[in-house]
1. In the stretch 77-113, how many are in contact (Cβ under 8 Å) with a residue 12 or more places away in the chain and either out of contact with any helix residue (DSSP H, G or I) (no Cβ under 7 Å at 6 or more places or on another chain) or of a type in the set (Ser, Thr, Tyr) (or both)?
2. Quickly run through the stretch 112-158 and pick out the residues that are open to solvent by 20 Å² or more (accessible area, probe 1.4 Å) and part of a helix (DSSP H, G or I).
3. Here are Gly131, Gly109: which of them is more than 15 Å from the chain's Cα centre (by Cα) and closer than 24 Å to Pro50 by Cβ?
4. If I go through the stretch 43-66 residue by residue, how many of them are without any contact (Cβ under 8 Å) to a residue 24 or more places away in the chain and over 18 Å from Phe106 (Cβ atoms)?
5. May I ask you to list the residues in the stretch 84-104 that are exposed (fewer than 13 other Cβ atoms within 10 Å of the Cβ) and of a type outside the set (S, T, N, Q)?
Amino acid sequence: MDETPSEQVRRLVARSIEALEAQNVHDEALGVMREPRGFSVFKTAPMIVPAGRAWRLGVLLVDRSGGVYETGDVTRAIEPLRAVTNRSAEAEARRDDRRAAARGKFPEGEVVNHRYAPLALDDESLAAGSGPLEVRDGAVVVHWDRSSPGRGVSTLDRYLADRVSVLTLD
């Protein structure tokens, strides 16, 4: 009997986790933005708080329990120095993210993934397209480059094997 799409994903993710753990590959922090609380001048500062750990496999994040997420933003938990040359809105947003991560309970310099999205891995969601995952001809595929329609697509099996091999140097 053929595997359902959700069974394919669970099997392939479990195999990837096993390989990453066997090679003791370092995972990265997951964080969630905690918006300021309070009122007026008595507001707390925004911060990114710890929400677990995962391996970043390109457009996917995979945690040890088999959870799969669409990669969002990544920052480092450091207190940024004062910017004097580049004051663009994007640069300021990146500085704010670094500052918010530094306010969280992350070690100095820790890589923090945030604004990620959990992917629904049931058969119906995969058939409809769950983030970068979808089903084509019974196989789960990953869209790793959405800017090029028709390109940047790989089977989940090949994609995970490639991404894991990069991290494990196999």
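1. Residues of the stretch 77-113 that are in contact (Cβ under 8 Å) with a residue 12 or more places away in the chain, as a first pass: 77-80, 83, 94-113.
Still in the running and either out of contact with any helix residue (DSSP H, G or I) (no Cβ under 7 Å at 6 or more places or on another chain) or of a type in the set (Ser, Thr, Tyr) (or both): 94-111, 113.
Residues in the stretch 77-113 being in contact (Cβ under 8 Å) with a residue 12 or more places away in the chain and either out of contact with any helix residue (DSSP H, G or I) (no Cβ under 7 Å at 6 or more places or on another chain) or of a type in the set (Ser, Thr, Tyr) (or both): 19 in total.
2. Asp123, Glu124, Ser125, Ala127, Ala128, Asp157, Arg158
3. Working: Gly131 fails: more than 15 Å from the chain's Cα centre (by Cα).
On inspection, the qualifying residue turns out to be Gly109.
4. Initially, the stretch 43-66 is screened for residues without any contact (Cβ under 8 Å) to a residue 24 or more places away in the chain, giving 43-44, 51-52, 65.
With the extra rule that they be over 18 Å from Phe106 (Cβ atoms), the set shrinks to 43, 65.
Number satisfying all stated conditions: 2.
5. In the first step, residues of the stretch 84-104 are kept if they are exposed (fewer than 13 other Cβ atoms within 10 Å of the Cβ); the result is 84-90, 93.
Across the stretch 84-104, the qualifying residues are Val84, Arg87, Ala89, Glu90, Ala93.
The values are calculated or read from the model by the stated rules, or taken from the named source; none is laboratory data. Worth saying up front: this structure is predicted, and the values here are computed from it rather than measured. With ideal geometry, Cβ positions are generated from the backbone for all residues, glycine too; neighbour counts draw on all protein chains shown. Note: areas computed on protein heavy atoms with side chains; ligands, DNA, RNA excluded. Shrake-Rupley method; radii C 1.70, N 1.55, O 1.52, S 1.80 Å.
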